[in-house]
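As structure tokens, the structure follows; a few thoughts come after it.
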Amino acid sequence: MSKELKILVIEDSESDAEMITRHLSRDGVNAAFTVVCDPREIGEALRKEDADIVICDHHLPKLTSKEILEFRANGPSKFTPLILVSGTVDTQEAVELMRHGVADFISKDDLRRLTPAVLREVEAAESEREKNATRKALQRSNLELREALQSLNTAQGKLIAAEKFRALGQMAGGIAHDFNNSLTVLQGTMELMKSDSGEKDSLMGRMETQIADAATTVRRMREFYCEPQESSETAVEISQLLEEVKDFTAARWQNGERSDIKFTVDSRAGVYVWCDASKVREVLVNLVFNAIDAVSGEAQGRIVISSELSAWGVKLTVSDDGCGMSAETTERCLEALYTTKGLEGTGLGLAVVDSLVQSFGGRLSVESELGKGSSFSFQLKECNPNLRGEQPKNLKIGATVDTRLKIIVVDDEPIIATLVTRLLERLGHEVLSFHTAEEVVEEISRSPESIPDIVVSDRSMPEVSGDELARIIKEGWPTVKFVMASGFGDLMIATGERPIGVDLILAKPLSLSSLSEGLEILDGNDQDCLALPG
């Protein structure tokens, strides 16, 4: 060992201390010795951190070697090796002290083992210090890596959210356009009804269609921006889903600056897949937006969304005849943060699509050639909706539960309260309507005969909200079923919001069929809270 060692010698005999230092020097040990003979200086010497090894007499006045070990264990020199040197060594006592941390025992009568023991223990201590330093460095590195990974995940989550909101923003104009068109027709139809009663039946049918279209527009937006809180896989008729994607994206390829794009849906009717429709819809919408960007600037752009049966199930494809991609871009286009759009792109559009496809067990494949367009495909499992029991129910207008129910309706909008009352009466129930929560509580409190089977309430009401009314009803009359009918119903359902005391959530606008279905579900279910989208 070439470096100079720092050796602390604790010995009450100066002659014995000199014997030890002389022996080590004669054996070629390169060392700087600190000799402590006064017991009062031992504590101060052990508090120093610069000794490489401690050589200590076994028998000391006023202090035992065991007390020195205990003192050392509580100080900065606790990892410094300690060798005891004694004129007489008791074997049993030696074993006991070894358990407390003594590295070795050397007899003063035979110091031949002293030098090898010193060199061995110093080397072992140095190795242990290096291991500890490496271990601490590794721990610091792991901590830094975990923090970096957490920061990356947070940043990625924000970027993915930003990408989704960017896509939603691109659709906002089209959604407003479709919704305003529906409202314009509705308003005009109402004005025509006032002036010409001869076409009443035809105009009523037109009004019903436009109302349904407006409600569907709002529901489409909810399905896009809200993540499902739990698995919502069901049997989905694929051609219908593709047509919805076509309608949903029309604002960009039909009504916008690219009105020359030819958009085609190629899908056989009657084919069902088992999937989460909102996720598949989001994937296809993002791929269509990507295709629209790809055909931008072309004299005539073509986009096709198609489905075809395959050996595995149903293959869905979005293709375009746009600019296409090079082999390198095709290879890397699904990588997160990779973009060819410069500052205008986040590099997350296709990465989000790929992660969504993987989330329902699929794999996104890409085919593209520069100047000839691109094609993105993934597969879904075909299913038989009859075998899975997923065939949609065909509700008959006017169908309801067998029992005539006593129902209280409360809505701060008198016209809505009256409308819902008349719809429920048409379903054969006994109905009372009120405009405030206080009136409802007062009515129910009058007598046992006043207690209803069901309360149908709006959510946003002055003074006492629907949430508070639900809590009051459940606390005072726990057998009464509480239905919350709200314009925020779709959002509540999408986010999994379940107010205390609410048995069923209905999304407005309400219809005869939605009220009928809601009462049937409520009558046959004892779950904590149910939900029925508009």
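The table below lists the values:
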read-out: Note, ³J(HN,Hα) from phi for the range 438-449, Karplus 6.51, -1.76, 1.60, rounded to Hz, x at Gly and Pro; value: 4, 5, 5, 4, 4, 5, 5, 6, 4, 6, x, 5
read-out: Label-to-label distance, nm, for residues given as Met98 and Arg498 (7 Å Cα→Cβ offset); value: 6.6 nm
read-out: Theoretical FRET efficiency, 1/(1+(r/R0)^6), r = Cβ-Cβ of Leu370 and Lys131, R0 45 Å, to 0.05; value: 0.20
read-out: Protection proxy ranking, peptides 244-253, 456-465, average beta carbon neighbours within 10 Å, highest first; value: 244-253, 456-465
read-out: Sorted peptide list for 417-430, 107-120, criterion being average Cβ within 10 angstrom, highest first; value: 417-430, 107-120
read-out: Nonlocal amide H pairs with Ile106, under 5 Å, H built at 1.01 Å; value: Leu84, Val85, Ser86
read-out: Residue-wise HN-Hα coupling along the range 129-144, computed from phi with Karplus coefficients 6.51, -1.76, 1.60 (Hz; x: Gly, Pro); value: 4, 5, 5, 5, 5, 5, 4, 5, 5, 5, 4, 4, 5, 5, 5, 4
read-out: At R0 = 56 Å, FRET efficiency that the Cβ-Cβ distance of Thr264 and Thr418 yields, to 0.05; value: 0.75
read-out: Thr329 paired with Leu149, simple spin-label distance in nm, labels 7 Å along Cα-to-beta-carbon; value: 3.4 nm
read-out: Out-of-range pairs (alpha-carbon distance over 26 Å; input Lys62/Lys108; Lys246/Lys279; Lys66/Lys131; Lys262/Lys372; Lys62/Lys131; Lys315/Lys372); value: Lys66/Lys131; Lys62/Lys131
read-out: Residue exposure sequence - Thr330, Thr21 - by fewest surrounding Cβ within 10 Å; value: Thr330, Thr21
read-out: Derived scalar couplings ³J(HN,Hα) [the range 97-106; Karplus, 6.51 cos²θ - 1.76 cosθ + 1.60; whole Hz; x for Gly, Pro]; value: 5, 4, 5, 8, x, 5, 7, 6, 10, 10
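Any read-out appearing in this document is the output of simple, stated calculations on the displayed coordinates, not a laboratory observation. Since the structure is predicted, the reported quantities are computational estimates derived from the model, not experimental observations. Note that we place each Cβ from the backbone using ideal geometry, even for glycine, and neighbour counts take in every protein chain shown.
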